[in-house]
1. Can you name the residue in the stretch 75-102 that is in a helix (DSSP H, G or I) and small (Gly, Ala, Ser) and is also farthest from the chain's Cα centre (by Cα) among such residues?
2. So residue 221 clears everything in (1) over 25 Å from residue 183 (Cα atoms); (2) polar (S, T, N, Q); (3) part of a helix (DSSP H, G or I) except one condition, right? Which one?
3. Determine if the stretch 43-57 includes at least one residue that is part of a helix (DSSP H, G or I), among the basic types (Lys, Arg) and modelled with pLDDT of 95 or more.
4. Residues in the stretch 239-279 that are at pLDDT 85 or above and either of a type outside the set (Asp, Glu) or buried (at least 16 other Cβ atoms within 10 Å of the Cβ) (or both): how many?
5. Would you mind finding the one in 86, 82 that is at pLDDT 90 or above, more than 23 Å from residue 293 (Cβ to Cβ), in contact with a strand residue (DSSP E or B) (Cβ under 6 Å, 6 or more places away or on another chain) and surrounded by 15 or more Cβ atoms within 10 Å (Cβ to Cβ)?
6. Check 199, 230, 180 and return the single one that is closer than 24 Å to residue 33 by Cβ and modelled with pLDDT of 90 or more.
7. Of the residues in the stretch 128-149, how many are under 18 Å from residue 75 (Cα atoms), over 16 Å from the mean Cα position of the chain (by Cα) and crowded, with 24+ Cβ neighbours inside 10 Å?
Amino acid sequence: MADDRRGNGHERVPGRSRRRFPGISSRAYEHPADRSALVALRRLSGFDTVFKALSGLLPERSLRLLFLSDSVRVSDRQFGHLNDMLRDACYILDLEKVPPMYVNQDPNPNAMCIGLDEPIIVVTTGLVELLDEEEMRAVIGHEVGHALSGHSVYRTVLLFLTSLAVRVAWIPLGNLAVMAIVTGLREWFRKSELSADRAGLLVGQDLQASMRGLMKIAGGNHLHEMNVDAFLEQADEYEAGGDLRDSVLKILNVLPRSHPFTTVRAAELKKWAGSRDFQRIMDGHYPRREEDKDTSVRDSWRESASSYATHVRTSKDPLMKLVNDIAGGAGDLGGRVRRGFGGFTSAQPGPKDGGNGPEGPEDAPGGPGDDGPREPRV
């Protein structure tokens, strides 16, 4: 279906056979934990006024000038195929104003949506060179999903508030308060990335392309050496493998990250693609933007809590199983913990035996003491 509509930046919208979602609310695809935070922030009285007041304190103008002067702005005359994809994504998700997009010279595959006053999308040359057209379409849809949800606004403000809190960390217990803010902020970031992955699927409407893109971000441009099913099996092995020690290390590994691990993102997206919620959206049944103002904060938080409870109940992770058993009143807790640590408490030599004790998180690969591989930001 071709569309020649003009205005709002949608001039010469390319032809498409994919479904469009007029008036769709970002609540349709947002992860429950992401949605509850956004609904609460949107309902705060006067928050928009605070945004405008903070805009003068944030380096947004500097960033815009930086990208304008030292990157390539996507348009009909520059990276025209990316411009078509951007307009296409905005058309499908019914985003009225097409955000400016820039290509930045950087060999690392990356994309981001930033900005307080108006969102800006930036993709690196490493990403453009890595992905094919349908994979790139999903990534651009991912970033447009961030823009529609308002993630760029809330992320920018909350990052500013976090930076401000660090400056007053000398106050007693200030460090603990800052760490609590940062930890909660990163958890929301990770859930917002799952939301944006879903938006990318709604735009591309090609699950295999979304999967290929995530695989390439993890393993580079070697699709002939990779397999989607084997990649998803890694996610299952990651969740279910090991004992309680591995569960603790997983938590320590993910805490400093703003993005979930790539295999986890692939597994979460595949699960959502097979869900009733996704099918309802594809059938045209989804919440509309005009209803956002009537959304209940309490109901959103209830859905978020239910999502976390379901995760604990269905997770194959040893620690989550233990938590679920405790909640269910399982007996012999001490024995379960000892078995969960694989005899770790009694089998490992301590200092009095001449050993150095068990390997601590700071010494473990991927732990806080190890920088580990570069985190993809797409």
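The values are calculated or read from the model by the stated rules, or taken from the named source; none is laboratory data. None of these values were measured; they are calculated from a predicted model. Don't worry about glycine lacking a Cβ; one is built from the backbone with ideal geometry, like all the others, and counts go over all protein chains shown.
1. Taking the stretch 75-102 first, the residues in a helix (DSSP H, G or I) are 80-92.
Applying the additional criterion that residues be small (Gly, Ala, Ser) yields 80, 89.
Numbers: 80: 27, 89: 18 Å.
So, considering only residues that are in a helix (DSSP H, G or I) and small (Gly, Ala, Ser), the one farthest from the chain's Cα centre (by Cα) is 80.
2. Evaluating residue 221 over (1) over 25 Å from residue 183 (Cα atoms); (2) polar (S, T, N, Q); (3) part of a helix (DSSP H, G or I) leaves (3) as the failure.
3. No, the conditions are met nowhere in the stretch 43-57.
4. So the answer is 20.
5. Sole residue among the options that is at pLDDT 90 or above, more than 23 Å from residue 293 (Cβ to Cβ), in contact with a strand residue (DSSP E or B) (Cβ under 6 Å, 6 or more places away or on another chain) and surrounded by 15 or more Cβ atoms within 10 Å (Cβ to Cβ): 86.
6. 199
7. 1
For every residue, the table says whether it meets (1) under 22 Å from the mean Cα position of the chain (by Cα); (2) modelled with pLDDT under 70; (3) closer than 30 Å to residue 209 by Cβ.
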site: 285; (1), (2), (3): no, no, yes
site: 288; (1), (2), (3): no, no, yes
site: 302; (1), (2), (3): yes, no, no
site: 306; (1), (2), (3): yes, yes, no
